[in-house]
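See structure below.
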Amino acid sequence: MISPLHKKIHTDYLIIGAGAMGLAFADEMHTQNPHATITIIDRRPQVGGHWNNAYPYVMLHQPAAYYGVNSSVLGNGSTDLSSKTEILTYFNKTIEKLENSGKVTFLGKHNYLGNGKVENMDNLDEVLHFNIRKKIVNASYMKVEVPSTTKPKYLVDEGVPFKPLNDLVEEYKKWKNFYIIGNGKTGIDAVLYLIGRGIKTDNIHWITPSDAWYFNRDIAQVGCVSGEILTHVSKLTKAQRPDDIFLEMEKSGGIMRIDTSSLPTNWRCATVSTDELTKLRSVTNIIQKGYVNRITSKELILQEETITYKEDSIFIDCTANGLAKLKKEPVFSGNLITLQPILFCQQVFSAAAIARLELVNISEKTKNKVIPIPHPEKIEDWPRQLSVSVDNLLRLHKYFPLWMYHSRLNFMSYEPILKYFGYAIKAAFLSKPAKKAVKRLGNYQ
């Protein structure tokens, strides 16, 4: 560990943010270059990023097989959906292993001030000056938000029963009616939690400004998802509208929606099982009257309508934008690396792949041909994300094909080797038609 008395500190890489992406980068960099010194800082006292503030019943929505860091298996390394406790324990073991190498240091409760300066949040007079020999790694660019630490964008009058979904573990026992605000991953989890605790669906009111499409977790599984995604790309090449991709994939069961009479406009890579979908469909009190503007002591004021809500009710906020669609930045820019997804909705794989790419002896301009992919929000985002993901994967295979095949964070790596490279060939054939389709669908973006 670094002594707080040392004001001038030398390190090869200074990683800002000890969440999943920062740890995935650090782990891969240490594996590939064990002599490099790495310092990881975070404003939180421990590693794990937003998982520390997430609701206690949160679990992965996708298999643990390709989450975490490359060097260590999470859970049983298969289809299990790890819990918050399991994930935080895993990340604590990860940083312990890295620090035991003598080359990696974690500084909790430290804040980056810029220009290599880091302040100790427990003693603001103490500022560490880093001499960074290689790169600063911004692992906090994604700005993951959770309801427990994010103020809602609507007004809530004093005295209104209002809680983040973290508090449902106690609040579900106290109230008769529940108004769930938000239809993303957190909103889904809140609804499923209440149903799982025996709350009648008549007492659940779900405020969802618009409908969304969801991955079918039963199909998006280890050893299956590669073919499924390539089918998405194939459907893209023939699509006349972005809706066509989703409607075609729905026919084979790979994509689902709650209300089949409504055409969803949202797409955020959320994943549900067919069993969960059945439970979500059992909630009939769906309120789709725009976003919430204000909640008073008696009324729920929406963009399109004002509703008098029932007595003995509590409002559960699930509106924090867990993964916002941010402006993409060059991954490599001088002495700065900005971690962003380079494969759709696969943040930790992207961070590990960027660490591996950092060590390839090619120019910065060539490295930046691997293009960031902002997290999707609307169905119109999906065509370009599919096309760019294919091109990025092909470029990465060009530079380090064996690493790609052996990376546990790469969902394609669970395929038999002949099928794996068969998929790679298919992706190469689909690349140009996919690009043409993106141009054809450009008017919908």
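Coordinate-derived values only; no laboratory data. Bear in mind the structure is a predicted one, so any value in this text is a computation, not a measurement. Here Cβ is always computed from backbone atoms with ideal geometry, including for glycine, and neighbour counts include all displayed protein chains.
Find the Cα radius of gyration of segment 46-101, compare it with 2.2 N^0.38 Å by division, and give the number to two decimals. Walk me through the numbers before you get to the answer.
Numbers: Rg = 11.1 Å, N = 56, 2.2 N^0.38 = 10.2 Å.
So segment 46-101 has a normalised radius of gyration of 1.09.
Please work out how much length the chain gains when fully extended from Glu171 to Ile371, using 0.36 nm per residue of separation minus the C-alpha to C-alpha distance, in nm with one decimal. The partial results should precede the final answer.
On the way: separation 200, 0.36 × 200 = 72.00 nm, distance 4.41 nm.
Value of the extension gain: 67.6 nm.
Return the unpartnered cysteines for the chain, using a Cβ-Cβ cut-off of under 4.7 Å.
Singleton cysteines: Cys224, Cys318.
Quick one: P(r) of segment 74-215 from all Cα-Cα pairs, 10 Å bins, percents rounded to integers, in order of increasing distance.
Over segment 74-215, the share of Cα pairs per 10 Å bin runs 8, 24, 28, 22, 15, 3, 0 percent.
Any chance you could get the radius of gyration and Dmax over the Cα atoms of segment 208-353, in Å?
19.1, 58
For the chain, which semi-axes, largest first and in whole Å, follow from the square roots of 5 times the eigenvalues of its Cα gyration tensor? Mind dumping the intermediate values first?
Details: eigenvalues 261, 180, 73 Å².
Working through the eigenvalues yields semi-axes of 36, 30, 19 Å.
Using every pair of alpha-carbon atoms in segment 1-147, split the distances into 5 Å bins beginning at 0 and state the percent of pairs per bin, rounded to integers.
2, 10, 19, 22, 20, 14, 8, 5, 1, 0
Can you list the HN-Hα couplings for segment 364-373, worked out from phi with the Karplus curve (6.51, -1.76, 1.60; θ = phi - 60°), rounded to whole Hz and with x for Gly and Pro?
4, 4, 5, 4, 7, 6, 7, 9, x, 10
DSSP loop (so not H, G, I, E, B), at most 15 other Cβ within 10 Å: list which GluC sites (Glu not before Pro) in segment 110-176 pass both filters.
Loop-located and lightly packed - Glu158.
Spelling out what I want: for every residue of segment 95-111, take phi, set θ = phi - 60°, compute 6.51 cos²θ - 1.76 cosθ + 1.60 (Karplus), and round to whole Hz; glycine and proline get x.
Calculated HN-Hα couplings, in order: 5, 5, 5, 5, 5, 5, 6, x, 10, 10, 10, 10, 10, x, 6, 10, 10 Hz.
Quick one: net charge of Glu305's neighbours, Cβ under 15 Å, K/R +1, D/E -1?
+1
Please report, largest first and rounded to whole Å, the three semi-axes of the ellipsoid equivalent to segment 348-403, where each semi-axis is the square root of five times an eigenvalue of the C-alpha gyration tensor.
Taking √(5λ) for each eigenvalue gives 23, 11, 11 Å, largest first.
Round to the nearest 0.05 the FRET efficiency obtained for His35 and Lys436 when R0 = 56 Å and r is the Cβ-Cβ distance.
According to the calculation, E is roughly 0.75.
Modelled label-to-label distance, Lys153 and Leu359, 7 Å Cα→beta-carbon offset: nm?
4.1 nm
Add +1 for every Lys or Arg and -1 for every Asp or Glu among the other residues with Cβ under 11 Å from the Cβ of Pro264, and state the total. Please list the in-between numbers first.
Details: positive: Arg257, Arg268, Lys378; negative: Asp211, Asp243, Glu250, Asp259.
That works out to -1.
R0 = 22 Å: FRET efficiency of Asn123 with Thr85, Cβ-based, nearest 0.05?
On the way: r = 31 Å, r/R0 = 1.42.
Efficiency computed from Cβ-Cβ geometry: 0.10.
Counting just the Cα atoms, what span does segment 345-445 cover along each of its three principal axes? Round to the nearest Å and put the largest first.
38, 32, 22
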